[in-house]
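Quick note: the coordinates plus some simple rules give every number you see, no bench work behind them. Just so it is clear, the structure is predicted and the values come from calculations on it, not from any experiment. Positions of Cβ are backbone-derived with ideal geometry, glycine not excepted, and every protein chain shown enters the neighbour counts.
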Amino acid sequence: MKLFYYQENNFGDQLNNWLWDELIPGVLDNDESSAFIGIGTLLNDRLSQRTNNARFRVVFGTGVGYGQGTLQLDDSYKIYCVRGPLSAKTLGIDSKFALTDGAILIRKIYNFDNSKKSYKYSYIPHHKTAGEGWRLVCERLGFGYIDPHWSREKVLSCISQSEVILAEAMHGAIIADAFRIPWIPVISHSTILLSKWQDWCQSIDVEYKPSYIDRLHHPRQKIDILSPLRLARDWFRQKESASQLLNITKTVHPILSSDQKVESLTQEMYSRLQQFKQDWEQGVLSEKL
């Protein structure tokens, strides 16, 4: 069974290789005749084509979104759980399949309890806007900066060393919540898909109320390749964005799901993962191939 995920240099997507190998060792390989649909917003009209060699597909903790249309389920799909109630409703499946994002299972394998705190606040932008510009904004404020393009180990370490996470990257918020670190959702760019945030937030019984900040003109470009005019314009925009981020920390109450909710979801997700593993080992799923 081959793991399928969006192979972008992005922390949330890159959790897939490590997390599933740790949780279900020996199950995933390069056999494309079956697919394990992992962490990400992957349930759309393009999924069947992107896994066209698979005669059987397992869906686990994945969300609906992107694409041009709704995924049409058929007998090749076996759903154990999806990201939240909006995904279940869109797919037309029973609400019992609506649990939460698969990344919550990091609680089973990562020791986050004893991390020393280095920053009161850290900001993790969306991977499409991450770069030097936001690093400079955070430096101006004395905030931690977490780049979703960094290695998994570095991102997890930096999140765990923060007291509050300001997150434009959804999996920054998901991991923070899993680690019991309060978080504040922010938006600086129109590319943010609100429905996937709402789906996940509903799954953990919190309200999604993002704070908006101005986008940077050239957040990903290095200073030394910008013209003096662009440098000046970016400096003023960074100053304004820094002011907005600081104001958010003073006026917005951070979010954190309840301990009971996150523990209950973790245990239920883990139970369904064990059921999947048992089904696979007993040949229940291979009978469909």
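Numbers for the structure displayed
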read-out: Stokes-Einstein translational diffusion, the range 230-277 - Kirkwood Rh over all Cα pairs, 1.306 mPa s, 10 °C, in µm²/s; value: 109
read-out: Packing-based ranking, highest mean first, of 93-105, 174-186, 257-269 given that Cβ atoms within 10 Å are counted; value: 174-186, 93-105, 257-269
read-out: Dimensionless Rg ratio for the range 94-191, taking C-alpha atoms and the 2.2 N^0.38 Å reference; value: 1.09
read-out: Estimated 222 nm signal from helices in the chain, with DSSP H stretches of n ≥ 4 weighted -39500 (n - 2.57), rounded to 500; value: -11500 deg cm²/dmol
read-out: Alpha-carbon spread of the range 119-257, three principal axes, descending order, Å; value: 47, 28, 25
read-out: Acute angle (nearest 10 degrees) that the helix 228-251 long axis makes with the longest principal axis of the chain, alpha-carbon atoms; value: 70
read-out: Taking the range 105-201 and dividing mean pair separation by its residue count, relative contact order in percent (alpha carbons under 8 Å, at least six apart); value: 29
read-out: Relative contact order, percent, the chain [alpha-carbon distance under 8 Å, six or more residues apart]; value: 17
read-out: Between helix 259-281 and the chain: long-axis angle, C-alpha atoms, 0 to 90°, nearest 10; value: 40
read-out: Cα-Cα over 21 Å, subset of LYS117/LYS239; LYS116/LYS261; LYS116/LYS239; LYS78/LYS209; LYS209/LYS250; value: LYS117/LYS239; LYS116/LYS261; LYS116/LYS239; LYS78/LYS209
read-out: Translational diffusion coefficient (Stokes-Einstein; Kirkwood radius from C-alpha pairs) of the chain at 10 °C, 1.306 mPa s, in µm²/s; value: 80
read-out: The chain - share of DSSP beta bridges that are antiparallel (%, nearest 5); value: 5
read-out: Among beta bridges that DSSP assigns inside the range 119-257, antiparallel share in %, nearest 5; value: 10
